[in-house]
């Protein structure tokens, strides 16, 4: 199920969009705290963002720039401010598409489906895993955070990929050991501990303290 973050302060419009898209099988999260849209984005890690321009506190352009600092997630602007200048600005600041209000919900659905297909299905599996500003690139074994990039070993990458793909869940040591066994090389249990310790040190050097938590006697997790 694809997750959509909806940033729309008009409650009537927000409820109508959410109800319609949920009827098509999407999970829709409507932003409640318009002072901290970036925070809600980081917590929810959506597949696509629907973003109004005229918002309380900070406009949609500001939040688009903030999201683009850490993520390439598709952003679709929704706005009644649909003059040419606003459309050009939205695209130049990182937006992927623009739909003018009022709009037909069928047009909105078609644009969302096209953006998701281009981003996730045509290319196969998503090439990035993102969580709380952390981006794991599945193509080149790198992790990025706040403008810094970290090179990972094969085992460090497998551990982090497994934990990020199951964030909020405790992953057993046995499961992680199986991940490290993928190429049929035997891995001693102590090797997992060594790899997790080394990975934690690298994360701490990026400012990510306690990013990987230990569940004593069972395994590891990354909190939601």
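The values are calculated or read from the model by the stated rules, or taken from the named source; none is laboratory data. These figures come from a predicted structure and were not determined experimentally. All Cβ positions, even for glycine, are placed from backbone atoms using ideal geometry, and neighbour counts span all protein chains on display.
If we scan the stretch 118-131, do we find a residue that is farther than 27 Å from residue 7 by Cβ, modelled with pLDDT of 85 or more and outside any helix (DSSP H, G or I)? Working first, answer last.
Of all residues in the stretch 118-131, those farther than 27 Å from residue 7 by Cβ come to 124.
Adding the requirement that they be modelled with pLDDT of 85 or more leaves none.
Within the stretch 118-131, none of the residues are farther than 27 Å from residue 7 by Cβ, modelled with pLDDT of 85 or more and outside any helix (DSSP H, G or I).
Name the pairs: first residue in the stretch 143-156 and assigned to a helix (DSSP H, G or I), second residue loosely packed, with under 12 Cβ neighbours inside 10 Å, Cβ to Cβ under 9 Å, at least 6 apart or on different chains?
So the pair list comes out as 154/183.
Check 214, 197, 178 and return the single one that is outside any loop (DSSP other than H, G, I, E, B), assigned by TED's automatic domain parsing to the domain that holds residue 137, out of contact with any helix residue (DSSP H, G or I) (no Cβ under 6 Å at 6 or more places or on another chain) and modelled with pLDDT under 85.
On the way: 214 fails: modelled with pLDDT under 85; 197 fails: modelled with pLDDT under 85.
The conditions single out 178.
Does residue 54 count as buried (at least 19 other Cβ atoms within 10 Å of the Cβ) and not in a helix (DSSP H, G or I)?
Working: buried (at least 19 other Cβ atoms within 10 Å of the Cβ): no; not in a helix (DSSP H, G or I): yes.
No, not satisfied.
Which of (1) crowded, with 18+ Cβ neighbours inside 10 Å; (2) on the phi < 0 side of the Ramachandran plot is the odd one out, the single condition residue 116 does not satisfy?
Just one mismatch for residue 116, condition (1).
Given the options 127, 144, 165, name the one that is surrounded by 17 or more Cβ atoms within 10 Å (Cβ to Cβ) and either touching a strand residue (DSSP E or B) at 6+ places or on another chain (Cβ under 9 Å) or over 28 Å from residue 23 (Cβ atoms) (or both).
Values: 127 fails: surrounded by 17 or more Cβ atoms within 10 Å (Cβ to Cβ); 165 fails: surrounded by 17 or more Cβ atoms within 10 Å (Cβ to Cβ).
None of the other options fit; the residue is 144.
Taking into account only those residues within the stretch 11-38 that are closer than 17 Å to residue 59 by Cβ and surrounded by 14 or more Cβ atoms within 10 Å (Cβ to Cβ), which is farthest from the chain's Cα centre (by Cα)? Full working, then the answer.
If we filter the stretch 11-38 for residues that are closer than 17 Å to residue 59 by Cβ, which is where we start, we get 13-14, 31, 33-38.
Restricting the remaining residues to those that are surrounded by 14 or more Cβ atoms within 10 Å (Cβ to Cβ) gives 13-14, 31, 34, 36-38.
Numbers: 13: 24, 14: 21, 31: 15, 34: 18, 36: 16, 37: 13, 38: 11 Å.
Among those that are closer than 17 Å to residue 59 by Cβ and surrounded by 14 or more Cβ atoms within 10 Å (Cβ to Cβ), it is 13.
Whether any residue in the stretch 9-24 is assigned to a strand (DSSP E or B) and either in the same structural domain as residue 116 (by TED's automatic domain parsing) or without any contact (Cβ under 8 Å) to a residue 24 or more places away in the chain (or both) is what I want to check. Walk me through it before giving the result.
Here is the first cut: in the stretch 9-24, the residues assigned to a strand (DSSP E or B) are none.
Checked the stretch 9-24: no residue is assigned to a strand (DSSP E or B) and either in the same structural domain as residue 116 (by TED's automatic domain parsing) or without any contact (Cβ under 8 Å) to a residue 24 or more places away in the chain (or both).
What's the number of the condition residue 37 fails, among (1) closer than 27 Å to residue 128 by Cβ; (2) out of contact with any strand residue (DSSP E or B) (no Cβ under 9 Å at 6 or more places or on another chain); (3) at pLDDT 85 or above?
Among (1) closer than 27 Å to residue 128 by Cβ; (2) out of contact with any strand residue (DSSP E or B) (no Cβ under 9 Å at 6 or more places or on another chain); (3) at pLDDT 85 or above, residue 37 violates only (2).
Here is a list of conditions, (1) modelled with pLDDT of 85 or more; (2) buried (at least 17 other Cβ atoms within 10 Å of the Cβ); (3) not assigned by TED's automatic domain parsing to the domain that holds residue 14, and residue 74 meets all of them except one; can you say which number that is?
Among (1) modelled with pLDDT of 85 or more; (2) buried (at least 17 other Cβ atoms within 10 Å of the Cβ); (3) not assigned by TED's automatic domain parsing to the domain that holds residue 14, residue 74 violates only (3).
Which residue out of 205, 184 is modelled with pLDDT under 85 and surrounded by fewer than 18 Cβ atoms within 10 Å (Cβ to Cβ)?
Unique residue meeting the criteria: 184.
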